[in-house]
Amino acid sequence: MRLYLIGSPVRHSLSPAIYSAYFATAGIDAVYDTIEVPSTNELPGVIEWLRRNSAGFNVTIPHKKGVAGLVDELSDDASAIGAVNTVAVAGERLIGYNTDWLGFLRSLATAGRRRYGKALVIGAGGAASAAVYALARDRAVEELVIISRSGVTAAALAERAREWGVPEALGCRASTECLRRGAEGAELVVNASPVGMGDPGASPLPKEMIPGDCVVLDMVYRPLMTRLLREAMNKGCIAIDGLWMLAHQAAENIRIWFGLRADPASLREAAITAMGWGP
Ligand SMILES: NC(=O)c1ccc[n+]([C@@H]2O[C@H](COP(=O)([O-])OP(=O)(O)OC[C@H]3O[C@@H](n4cnc5c(N)ncnc54)[C@H](OP(=O)(O)O)[C@@H]3O)[C@@H](O)[C@H]2O)c1
């Protein structure tokens, strides 16, 4: 059985380590590999090849939206979010799923609370859409402020949040004023932007704006302990790293592809070991 991750860049992805470790412990004869697909022009050809030569595949930046338009069937969640990160090949039919939103929700649950008055979401791309969809579906927030570089994508996602049932949602540009407006009184902060990825000195939210006693989930997992998480912990917040979301999302993919239950904590450990991040 062959499974793949397509996207660009995928060379340094943690997914092959996570799935290979799982296949070895579960005794599954399968191989998980990456395919670099830099341009959207190549996407239809790659998808047709995968239809015939794989049992399923994952999709990452920048093709999650593109693949949603190329599969034969979409799950309700993938259709609502407008992005696919997991595809199952059934016969020769391609079924597109979005498991990012569940990965987000299940990793957030490790904080031990379900309801938040106000939440700040930084980023308005595919990952942020999945998070906002999850928060709306779970009726987890009353008020949402979404921030993006341009502000345009944030405003559009805020409109979708209201359609999905969030009582109050506002989108704006990553200015000091808007960050302050979003962070003030927030009980949940989500970083769904790439800020901090590969840069332990970068944070999307200045330290002085991090609200005390909140929950902070950073989708970035390289480094595992980002500056945002470190500073949030110093303020007494609960910090959840992005590897939890990746592990929960992988567990859901394993359920879709194999009908098996995988332990997210073990999947996370496999990634930590593969990266040499362990003690
Ligand atoms: N842990 C996990 O399982 C998991 C899953 C999915 C994604 N991720 C991570 O989440 C991050 C986002 O992924 P994505 O697929 O959503 O990427 P994306 O589609 O490229 O979206 C990135 C978003 O971040 C915004 N942004 C960039 N710089 C910003 C800044 N300084 N302040 C505020 N917003 C800023 C962008 O604004 P504009 O819209 O204005 O350009 C855009 O909305 C990546 O680092 C990815 O690796 C993690």
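No lab work stands behind these numbers, since they all come straight from the coordinates. Computed from a predicted structure; not experimentally measured. Every residue, glycine as well, gets a Cβ built from its backbone with ideal geometry; the counts of neighbours run over all protein chains shown.
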- Counting other C-beta atoms within 10 Å, which of Leu43, Leu260 has the fewest, and how do the rest follow? Leu260, Leu43
- Across bins of 10 angstrom width beginning at 0, how are the C-alpha pair distances of segment 158-201 distributed, in whole percent? 21, 46, 27, 5
- Query: Which value, in Å³ per residue, describes the convex hull spanned by the Cα atoms of segment 223-262?
  - Reply: 61 Å³
- Task: With viscosity set to 0.890 mPa s and temperature to 25 °C, compute the Stokes-Einstein D of the chain, Rh being the Kirkwood radius across alpha carbon pairs; µm²/s, no decimals.
- Result: 129 µm²/s
- Note on the structure: Glu142 neighbourhood, Cβ < 15 Å, K/R = +1, D/E = -1, net charge +2
- Item | Unit charges on C-beta of K, R, D, E only; dipole of segment 102-240, Debye | 240 debye
- Task: Can you grab the distance from the C-alpha centre of segment 43-96 to the C-alpha centre of segment 196-217, Å, no decimals?
- Result: 33 Å
- Message: Could you give each residue of segment 32-38 its phi-based ³J(HN,Hα) in whole Hz, using Karplus coefficients 6.51, -1.76, 1.60 with θ = phi - 60°, and x for Gly or Pro?
- Response: 10, 10, 10, 10, 6, 10, x
- Based on the Kirkwood radius over alpha-carbon pairs, what value in µm²/s does the Stokes-Einstein equation return for the translational diffusion coefficient of segment 1-132 at 4 °C and 1.567 mPa s? 82 µm²/s
- In deg cm²/dmol, rounded to 500, what helix-only [θ] at 222 nm does the chain give when every DSSP H run of at least 4 residues adds -39500 (n - 2.57) and the total is split over its residues? -12000 deg cm²/dmol
- Grab the eigenvalues of the alpha-carbon gyration tensor for segment 102-240, scale each by 5, take roots, and send me the semi-axes largest first in whole angstrom. 20, 17, 14
- Task: Could you please rank Trp164, Trp101, placing first whichever residue has the fewest other Cβ atoms within 10 Å of its Cβ?
- Result: Trp164, Trp101
- Query: Projected area of segment 184-253, taken from the Cα convex hull and averaged over every viewing direction, in nm²?
  - Reply: 4.5 nm²
